[in-house]
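Take a look at the structure set out below.
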């Protein structure tokens, strides 16, 4: 049975009710005067037959545990991590070129949560990570992700190298971030087609076999003295450069 949790924020709650209404169990909204942003969400919940309760702000603050709830929370069945079969189904269902994020053994739950949040904001179709020796969907990850863990598919695979090979066979270009020899500036690489951006683990970067499977290795040029960025920050830079190119 799926665990239950609270998600909050106008965008997150609205997106869940639009895309996966079966996971939403109830709505808690701010007891206030007419609110042009909140009212459509309340109406949508009522149309779905969901219980709606109105609360004082301090009650919502308590449920959100200090998070920025924007006056609305939903109790939902937590999204569980998917597997190789779920990834295949996601790719088969796309009508646009795939846009994927691969995390090669990221172990810090705060980094994973931040990466999920950034990936959802960038429009990534799925985040892929190895099942072993990597962070999973813990309560800390869900909290840091600020609702993104309930919106974006998170796929845990048993063999990341095999998954990358399959993506390449399916026509997806695999671009890994690296400071190693042969890496090119990230901004010089064409990121407009079917794409998987691969980020390395904290400190150690990409594993050898992962790097060997990449079609391109790239680094993020920096003007300062520090050689590398935190993985979640680097993920944001890389994904939104891809967004810029893909929209251009």
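Quick check, is residue 52 in the same structural domain as residue 147 (by TED's automatic domain parsing), modelled with pLDDT of 95 or more and more than 17 Å from residue 5 (Cβ to Cβ)? Answer is no for this residue.
State all residues of segment 165-188 that are modelled with pLDDT under 95 and in a loop (DSSP other than H, G, I, E, B); if no residue qualifies, say none. Scanning segment 165-188 gives 178, 179, 180, 181, 182, 183. Scanning segment 149-160 for residues that are in contact (Cβ under 8 Å) with a residue 40 or more places away in the chain and either surrounded by 14 or more Cβ atoms within 10 Å (Cβ to Cβ) or under 18 Å from the mean Cα position of the chain (by Cα) (or both) yields 149, 150, 151, 153, 154, 155, 156, 157, 160. Strands (runs of 3 or more DSSP E) fully within segment 21-139 that include at least 3 residues being touching a residue at least 40 places away in the same chain (Cβ under 8 Å), touching a strand residue (DSSP E or B) at 6+ places or on another chain (Cβ under 7 Å) and crowded, with 19+ Cβ neighbours inside 10 Å: 24-30, 72-77, 99-103.
Screening residue 101 with (1) closer than 15 Å to residue 231 by Cβ; (2) modelled with pLDDT under 95 gives one miss only, at (2).
Right, residue 211: over 19 Å from residue 119 (Cα atoms), touching a residue at least 24 places away in the same chain (Cβ under 8 Å) and either surrounded by 15 or more Cβ atoms within 10 Å (Cβ to Cβ) or over 18 Å from the mean Cα position of the chain (by Cα) (or both) or not? Judged against the criteria, residue 211 is a match.
The set of residues from segment 197-219 being modelled with pLDDT of 90 or more, touching a helix residue (DSSP H, G or I) at 6+ places or on another chain (Cβ under 6 Å) and not in a helix (DSSP H, G or I) comprises 197, 199, 218.
The values are calculated or read from the model by the stated rules, or taken from the named source; none is laboratory data. If you're wondering where the values come from, they're calculated on a predicted model, not measured in any experiment. Note: ideal-geometry Cβ built from the backbone for every residue, glycine included; neighbour counts use all protein chains shown.
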